[in-house]
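Only the coordinates and a few stated rules stand behind these numbers; no lab work does. This one's a predicted model, so the numbers in the text were calculated from it and none came from an experiment. Please note: Cβ atoms are built from the backbone with ideal geometry, for glycine as well, and neighbour counts cover all protein chains shown.
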Amino acid sequence: MSEEISLMKGNEAIAHAAVRYGADGYFGYPITPQSEIIETLMELAPWKTTGMIVMQAESELAAINMVYGGAGCGKAVMTSSSSTGMSLKMEGISYIAAGELPCLLVNVMRGGPGLGTIQPSQSDYFQTVKGGGHGDYRLITLAPYSVQEMADFVALGFDLAFKYRTPSMILTDGVIGQMMEKVRLPEFKRRRSEEEIRKQCPWATLGRTPDRAPNFLTTLEMDSSLMEQRNIHLQAKYKEIQQNEVRYQEVLCDDADYLLVAFGSAARICLKTVDLARAEGLKVGLLRPITLWPFPSEILEKYASKVKGMLTVELNAGQMVEDVRLAVNGKMPVEHYGRLGGIVPTPDHVLEALKKLI
Amino acid sequence: MLQEIVISGFGGQGVLSMGKILAYSGIMEGKEVSWFPAYGPEQRGGTANVTVILSDKPISSPIVDLYDIVIVLNQPSLDKFESKVKPGGTLIYDDYGIRRKPARKDIHVFKIEAMDESMKMNNTKVFNMLVLGGLLKILPMIKLENVMKGLKKSLPKRHRKLLSMNEEAIVHGMEIISREG
Amino acid sequence: MAKVKGYVEVNTQRCKGCNLCVVSCPADVLELQPREVNDKGYHYVYMKNPDDCIGCANCGYVCPDAVLTVYRKKIEEKEKV
Amino acid sequence: MDKNELTGAETLVYAKPRLVNDTEMHYCPGCSHGVVHHLVAEVIDELGWAEKTIGVSPVGCAVFAHKYVDIDWQQAAHGRAPAVATAIKRLNPDKMVFTYQGDGDLAAIGTAETIHAANRGENIAIIFINNAIYGMTGGQMAPTTLNQMVTTTCPEGRDPRIMGNPLKIVDMLALLDGVCLATRQSVHTAAAVKKTKRMIKLAFENAMANKGTSIVEVVSSCNAGWRMNPVDANNWMAENMLSVFPVGDLKNL
């Protein structure tokens with residue numbers, strides 16, 4: 001971590017962190033509220049320094065398939081978009097997951113459905129953690145709640161993607177993308193050489209060498225028995241990720257009678273609600289899933305026998321609440337509070353909703 | 001110390017950059033800061049507002065219900081945010097183009113004629129720095145030297161030559177703010 | 001005077017009997033087997049008139065399945081005697 | 001003379017290209033794809049670039065191209081091969097990167113990717129098989145289907161008033177400044193095969209020399225999709241397609 005403190009937007013932090021991580025390529029298409037990512041990268045012009053390529057593609061479809069091509073070469077590549085653009089990318093993401101390619105995806109969510117609004121929302125939770133694209137695949141999903149985490153999760157996302165050969169998603173929204181906060185950017189890392197990539201990713205299509213058979217990347221398998229084997233392999237990998245990579249944060253949960261469950265920007269809002277509630281003598285805590293997939297079901301199950309109720313707070317009509325209910329499995333009531341279509345609730349709104357539950 | 005501030009006006013008045021300088025100045029003072037803009041489709045003119053929070057402790061929500069300080073630079077902003085000042089809080093407004101003045105009695109109201117002044121100075125670009133000066137006069141939450149450091153940080157390198165002009169405007173802004181009622 | 005003699009070797013199991021080589025041959029050397037089929041059920045190609053082959057390799061170029069290997073040799077007249 | 005007197009290394013004039021492996025191709029008897037696969041393999045081998053070539057195969061009949069030619073391959077989503085190739089080449093500027101696409105992939109679903117890659121002058125080669133029909137899905141209309149030509153989705157023949165005219169996409173691409181080579185060839189005769197091979201070689205050399213985008217269209221037959229035998233299909237192609245899609249260089253800088 002560098003010593004210098006910067007003030008920047010979450011979107012800008014992602015761009016800086018990508019260059020510093022030693023990413024090889026970014027491919028994207030402008031869409032509000034995340035265009036600062038590609039704008040900042042173009043301003044940084046890393047192709048002159050680290051050698052990282054930055055491309056404005058002709059569409060989200062092209063961008064995600066550029067990521068497929070780059071990831072197929074074992075390169076550390078990424079793309080970013082916002083909700084409706086991410087929908088366009090879903091086919092490509094399914095291919096990337098099926099091809100077991102590491103890459104970093106960023107969705108700075110806006111309100112939907114349809115063209116919707118450019119204002120913040122969390123209504124792509126289902127799309128991200130339940131599929132989105134076709135087929136049985138999963139996305140490692142990281143939900144930052146500060147500009148610092150926007151920066152930090154670039155490296156985390158890439159590292160997990162390469163560790164498990166699977167795409168990672170930073171799922172955030174217009175609040176975290178557009179807000180400025182203090183951030184300490186990571187130190188610069190050197191980009192890997194082709195030799196290093198060949199060693200780390202023996203499957204990469206970098207040109208066959210005499211010591212190995214040709215590599216080919218395809219997601220097509222006409223023989224269903226082989227396709228089932230591929231799926232079983234993927235599921236085993238996903239199980240391993242579920243066992244190893246669950247991340248969450250507990251805020252004043254120990255003595256809590258009631259638990260707020262929220263991620264990303266909603267969790268920031270809930271942090272203040274916890275303070276307001278405690279000031280009124282209500283024992284309220286916050287459990288913040290940091291990985292939305294794998295979901296922190298175990299810790300929620302643990303609290304299910306300790307607290308009187310849980311309230312999920314989301315900028316949607318109730319999506320994560322389904323996973324929370326699955327986790328507590330009927331042991332106690334779980335309610336949902338959310339605002340829709342780009343409206344961001346304030347800490348007081350959440351407190352009012354919480355009091356109704358109590 | 002916790003100051004929850006909103007700055008609101010027309011696009012192009014330097015609302016967002018004033019907030020950014022304030023946030024940078026806060027960092028120079030060793031504070032925790034957050035800056036959250038109301039963002040919309042790109043449009044010249046239109047309205048703009050930004051929430052800036054300065055605090056000694058880590059900031060929880062960047063979005064709040066009520067503000068300690070509301071700075072409004074046009075009538076729509078005054079209409080929208082007057083009710084959002086915490087009781088006992090502060091409202092600063094520029095009365096240029098204001099037809100309906102602030103009415104609340106439970107808050108401190110200050111007027112700054114920054115638009116008129118900047119036109120007199122023949123330099124409307126320093127408008128937002130006059131306002132910033134006014135704010136710092138009535139609530140000296142950040143030392144002027146740290147404001148100048150923040151200003152330097154937030155200006156792109158190619159604009160550094162404008163530093164002294166901005167500093168003068170901040171100092172001048174301190175002289176032209178006055179309490180109402 | 002030298003004469004050119006050719007020979008076409010057929011990988012009969014890979015041949016799909018498409019007939020493109022037959023029509024590409026300028027010397028009417030090739031023909032599909034009228035009765036015999038390979039394991040895939042195709043009437044594979046064979047040299048019907050081997051003596052006429054000039055080894056031009058046209059058949060090889062147009063074969064989509066790389067079934068044909070073509071050879072060509074210059075032969076002196078005296079050898080013929 | 002018998003076989004033994006004629007065959008040997010010194011008399012060999014044609015054999016299966018070395019980079020083509022022994023996997024039996026899935027293509028129908030007489031399909032042009034096989035011929036073009038051989039040319040691609042021969043050219044890469046002759047240039048000595050097997051270790052620095054990355055091919056991008058499409059969705060369509062050539063979806064299995066990677067099974068037959070022993071180089072590194074990526075198989076792209078339908079229409080996206082030029083985008084995939086763009087990234088591979090940009091991230092690996094010292095490699096030779098080419099796409100191999102059919103008419104549906106290149107000229108229908110992937111039109112945007114094709115045009116924009118060419119317009120950016122990506123240093124890639126595009127091998128474009130135009131057989132005026134969708135072969136893999138059973139013979140539906142392609143953007144390049146000829147007027148009045150019958151397919152399963154224009155059973156009374158393509159009516160340009162309803163379905164538009166055959167898309168001359170390589171003529172369009174030739175207009176773009178990023179394109180250094182746009183040529184149309186065929187593989188229905190040995191002479192045409194040799195000419196096509198020369199143009200594929202030029203396209204690959206252009207890609208390595210960073211001269212911009214090269215497109216080699218190969219007007220091809222699809223005897224199964226056309227419901228003809230292979231010989232008739234080639235003849236029909238020569239008589240009907242080549243007047244709409246005449247062979248020759250549209251641009252060769």
Report summary line: Charge tally for neighbours of A:ALA98 with beta carbon under 13 Å away, counting Lys, Arg as +1 and Asp, Glu as -1, is 0
Query raised in the report: What does the helix-only formula give at 222 nm for chain B: each DSSP H stretch with n ≥ 4 adding -39500 (n - 2.57), the total divided by the residues, and the result rounded to the nearest 500 deg cm²/dmol?
Result: -10500 deg cm²/dmol
Report summary line: Whole-Hz Karplus couplings 3J(HN,Hα) for the range A:195-211, θ = phi - 60° and coefficients 6.51, -1.76, 1.60, Gly and Pro as x, run 4, 5, 5, 4, 6, 6, 10, x, 8, 5, 8, 10, x, 5, 10, x, 8
**Report entry** Where a label projected 7 Å from the Cα of B:VAL171 along Cα→Cβ would reach, residues of the range B:84-112 with amide N under 18 Å
**Finding:** none
Requested in this report: Return, in residue-number order, each cysteine of chain C whose C-beta is not under 4.7 Å from any other cysteine's C-beta.
Outcome: C:CYS15, C:CYS18, C:CYS25, C:CYS53, C:CYS56, C:CYS63
**Report entry** For the range A:55-64, Karplus couplings with θ = phi - 60° (6.51, -1.76, 1.60), whole Hz, Gly/Pro x
**Finding:** 10, 8, 7, 7, 6, 5, 4, 4, 4, 5
Requested in this report: Please give the per residue volume of the convex hull enclosing the alpha carbon atoms of the range C:3-79, rounded to a whole number of Å³.
Outcome: 80 Å³
Query raised in the report: Over chain C, what is the mean sequence separation of C-alpha contacts under 8 Å (at least six apart), divided by residue count, expressed as relative contact order in percent?
Result: 44 percent
Report task. With r as the distance between the Cβ atoms of A:MET227 and A:LYS199 and R0 = 35 Å, compute the FRET efficiency 1/(1 + (r/R0)^6) and round to 0.05. Result -> 0.70
Query raised in the report: Separation of the range D:1-62 and the range D:174-191 by C-alpha centroid, Å?
Result: 21 Å
**Report entry** Nearest-0.05 FRET efficiency for D:THR152 and D:VAL244, computed from C-beta distance (R0 25 Å)
**Finding:** 0.75
Requested in this report: Just report the Cα centroid separation between the range D:124-161 and the range A:19-53, whole Å.
Outcome: 40 Å
Report summary line: Taking trypsin sites (Lys or Arg not before Pro) as exposed when in a DSSP loop with at most 13 other Cβ atoms inside 10 Å, chain B has its longest clean stretch at B:45-98
Report task. Compare C:PRO34, C:PRO26, C:PRO50 in a GNM of chain C, Cα atoms joined below 10 Å, and give the one with the largest fluctuation. Result -> C:PRO34
Query raised in the report: Using all Cα-Cα distances in the range A:249-357, what percent lands in each 10 angstrom bin from 0 up to the longest?
Result: 16, 54, 28, 1
Report summary line: Amide H proximity to C:GLU31 below 5 Å, modelled H, separation 5+ or other chain, gives C:TYR46, C:LYS48
Query raised in the report: In cubic angstrom, how much convex hull volume per residue do the alpha carbon atoms of chain A span?
Result: 139 Å³
Query - Within 10 Å of each Cβ in A:52-65, the average number of Cβ atoms from other chains - result: 5
Requested in this report: Net charge near A:GLY25: determine it from the other residues with C-beta under 12 Å of the C-beta of A:GLY25, scoring Lys and Arg +1 and Asp and Glu -1.
Outcome: +3
Report summary line: Phi angles of the range D:111-118, converted by Karplus (6.51 cos²θ - 1.76 cosθ + 1.60, θ = phi - 60°) into ³J(HN,Hα) in whole Hz with x for Gly and Pro, give 3, 5, 4, 4, 5, 6, 5, 5
Query - More than 18 Å apart - percent of Cα-Cα pairs taken over the range A:1-127 - result: 52 percent
Report task. For the range B:111-179, go through all pairs of different Cα atoms, get the mean of 1/r, take its inverse, and jot down that Kirkwood value in Å. Result -> 12.0 Å
Report summary line: Counting as exposed only GluC sites (Glu not before Pro) in DSSP loop states with no more than 10 other Cβ atoms inside 10 Å, the longest exposed-site-free span of chain A is A:5-186
Report summary line: On each of the three principal axes the extent of the alpha-carbon atoms of the range D:1-74, given in whole Å and largest first, is 48, 30, 17
Report task. Would you please give the residues with an amide H less than 5 Å from that of D:LEU250, counting only those at least 5 places away or on a separate chain, with H modeled from the backbone geometry? Result -> D:ALA182, D:THR183, D:ARG184
Query raised in the report: What nm value, rounded to one decimal, do you get for the distance between C:ASP51 and B:LEU162 when each label is placed 7 Å out toward the C-beta?
Result: 9.7 nm
Query raised in the report: Out of the range A:166-236, which trypsin sites (Lys or Arg not before Pro) are coil in DSSP terms and have no more than 12 other C-beta atoms within 10 Å?
Result: A:ARG190, A:ARG212
Query raised in the report: Can you pull the semi-axes for the range D:162-253, root of five times each eigenvalue of the Cα gyration tensor, sorted largest first, whole Å?
Result: 26, 17, 9
Query raised in the report: When the helices in chain A are scored as -39500 (n - 2.57) per DSSP H run of 4 or longer and the sum is shared across all residues, what 222 nm value do you end up with, to the nearest 500 deg cm²/dmol?
Result: -13000 deg cm²/dmol
Report summary line: Given Cβ charges of +1 for Lys and Arg and -1 for Asp and Glu, the option among D:ASN92, A:LEU300, B:GLY11 whose Cα lies farthest towards the positive end of the dipole of the protein assembly as shown is B:GLY11
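Return the average number of partner chain Cβ atoms within 10 angstrom of each residue Cβ along peptide B:53-66.
The per-residue average across the peptide is 6.
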Query - Dipole magnitude of chain B about its Cα centre (Cβ charges: Lys, Arg +1; Asp, Glu -1), debye to nearest 20 - result: 420 debye
Report task. Name the shape class, rounded, prolate or oblate, that the alpha-carbon gyration tensor gives for chain D, where a ≥ b ≥ c are the square roots of its eigenvalues, rounded holds for a/c under 1.5, and otherwise prolate holds if a/b is larger than b/c and oblate otherwise. Result -> oblate
**Report entry** Share, in percent, of DSSP beta bridges within the protein assembly as shown that are antiparallel, nearest 5
**Finding:** 40 percent
Query raised in the report: Can you pull out the trypsin sites (Lys or Arg not before Pro) in the range A:42-136 that DSSP calls coil and that have at most 13 other Cβ atoms within 10 Å?
Result: A:LYS130
Report task. At 0.36 nm per residue, minus the direct Cα-Cα distance, what do A:ARG190 and A:ALA317 gain on full extension? Give it in nm, one decimal, please. Result -> 41.4 nm
Report task. Please give the average number of partner chain Cβ atoms lying within 10 Å of the Cβ of each residue in D:12-25, rounded to a whole number. Result -> 5
Query raised in the report: What is the set of long-range amide H partners of A:MET8 at a cut-off below 5 Å, with H atoms built 1.01 Å from backbone N?
Result: A:GLU181, A:VAL183
Requested in this report: Calculate the translational D of the protein assembly as shown in whole µm² s⁻¹ from Stokes-Einstein, where the hydrodynamic radius comes from the Kirkwood formula applied to all Cα pairs, the temperature is 20 °C and the viscosity 1.002 mPa s.
Outcome: 69 µm²/s
Query raised in the report: All other residues with a Cβ under 10 Å from the Cβ of C:ILE54 taken together, and with Lys, Arg as +1 and Asp, Glu as -1, what is their net charge?
Result: +2
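Can you compute the charge dipole magnitude of chain D about its Cα centre, using +1 on each Lys and Arg Cβ and -1 on each Asp and Glu Cβ, nothing else charged? Give it in debye, rounded to the nearest 20.
500 debye
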Report summary line: extent check for the range B:2-179: Cα max minus min per principal axis, descending, whole Å, gives 41, 41, 35
**Report entry** Most fluctuating residue given options D:GLU113, D:GLU156, D:GLU51, as computed from a GNM of chain D linking Cα atoms under 10 Å
**Finding:** D:GLU156
**Report entry** Relative contact order (%) - the range B:2-179, alpha-carbon pairs under 8 angstrom, separation at least six
**Finding:** 24 percent
Report summary line: Those GluC sites (Glu not before Pro) from the range B:122-181 that are DSSP loop and have at most 15 other Cβ neighbours within 10 Å turn out to be B:GLU180
